[in-house]
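A short worksheet on the structure shown next.
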Amino acid sequence: MSALAIPAKKQPNRTLQKFLSNRAAVLGAILVGFFALLAILAPLIAGYDPLQTSFTAIRKPPSALHWLGTDELGRDLFSRMAYGARTSLMAGVVSVFIAMLVGVPFGIIAGYFGGWADSIISRLIDAMLAIPFLIMAIALAAFLGASLTNAMIAIGLSAAPVFARLTRGQVLSIRNEEYIEAAQVLGLRHPRIILRYILPNAMSPIIVQATLTIAAAIIAEASLSFLGLGQQPPNPSWGSMLNTAKNFISQAPWMSVWPGAAIFLVVLGFNLLGDGLRDAIDPREY
């Protein structure tokens, strides 16, 4: 009598298990999710127009009517915080997308083709990385002009060398694998090899770096807005809110507490999330 075939038990996703077992990473995901929901639901949960002024409610402390208080023009701080979350998260995500769009292709070209292309791109990357990230972002934003769009472009271009260097290193370690050599022997064209075999295998560390860079981009956007080079008044931005609040520290401390705490928490969330993702997908940890 033949033995009964016992179906194999489905193995759980070990990457997800590792991530969920990391309490810091889960806390980071919760913080990021909270601010993402705050940004998405801003039109529904904001009780006031973030641009609406009221000269009878200037610098009012937190109350049942204004949960987080009001600012120097009587605008509701909770509404401005909710819409400011949109600005900060959009700036972080769009800036990193621009950085990846610019940096990843250059990293692939340098790592895959090598030779003079690698030499030129590597020297350019080294030169750009020699300039501090925030200094370069401020210089580019000042050159492009004061606006949120230009600030995101400036931050993205400033962060691109990090992605180029990371991608180059990943491609260098992948291009000598046997399956890449087999694809080349079979006569597959370079674009197909890059898109089908190299890029998918290099994406994990790039995604982790993107998560960590979003945190840096949010700080950079807040810094540019604080300096008047990012989101322009009266549109809400956590950085511009801090710029205004610095003049009323003693009279209305709540004006600086809430945007400062929001920047701290969302940056902490992305950093914890990025560290958790890095630990979860690291094959050396299995």
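Quick look at the values:
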read-out: Separation of alpha-carbon centers, the stretch 20-41 and the stretch 214-286, rounded to whole Å; value: 15
read-out: Protection-proxy order for peptides 44-56, 109-121, each taking the mean of Cβ atoms within 10 Å per residue, highest first; value: 109-121, 44-56
read-out: Shape metrics for the stretch 109-214, restricted to C-alpha atoms - Rg then Dmax, Å; value: 16.5, 52
read-out: Charge tally in the Cβ shell below 14 Å around Glu72, where Lys, Arg are +1 and Asp, Glu are -1, Glu72 excluded; value: +3
read-out: Shape parameters for the stretch 1-145, alpha-carbon atoms, Rg then Dmax in Å; value: 25.2, 90
read-out: FRET efficiency estimate (nearest 0.05) - Cβ-Cβ, Arg196 to Ile45, R0 30 angstrom; value: 0.10
read-out: Kirkwood Rh in Å, taken over all unlike Cα pairs in the stretch 164-286; value: 17.7
read-out: Neighbourhood charge, 15 Å Cβ-Cβ cut-off, centred on Trp254 and excluding it, Lys, Arg +1 and Asp, Glu -1; value: +2
read-out: FRET efficiency, 1/(1 + (r/R0)^6) with R0 45 Å, evaluated for Leu124 and Ser250 via beta carbons; value: 0.40
read-out: Centre separation in Å (Cα based) which lies between the stretch 67-118 and the stretch 159-200; value: 27
read-out: Correct choice for volume of the Cα convex hull per residue in Å³ that was computed from the model, options [x] 171; [y] 257; [z] 191; value: [z]
read-out: Virtual paramagnetic centre 7 Å along Cα→Cβ of Val93, amide N under 18 Å, in the stretch 35-56; value: 35-45
read-out: Average accessible area per residue (Å²) across the chain - probe 1.4 Å, nucleic acids and ligands excluded; value: 54
read-out: Carbon and sulfur %, accessible surface of the chain computed with the full protein complex present, 1.4 Å; value: 67
read-out: Relative contact order %, the stretch 215-255, counting alpha carbon pairs below 8 Å whose residues are six or more apart; value: 29
read-out: Kyte-Doolittle mean at least -0.5, axial Cα span of 20 Å or more - DSSP H helices of the chain; value: 23-40, 77-113, 115-129, 148-174, 199-226, 254-281
read-out: Full-stretch length increase - Ala64, Ala261 - with 0.36 nm per residue and alpha-carbon distance subtracted; value: 68.9 nm
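The values are calculated or read from the model by the stated rules, or taken from the named source; none is laboratory data. No experiment lies behind these values; they were computed from the predicted model shown. Cβ atoms come from the backbone with ideal geometry, glycine included; neighbour counts cover every protein chain shown. Please note that ligands, DNA and RNA were not included when accessible areas were found on the heavy atoms of the full protein model with its side chains. Shrake-Rupley method; radii C 1.70, N 1.55, O 1.52, S 1.80 Å.
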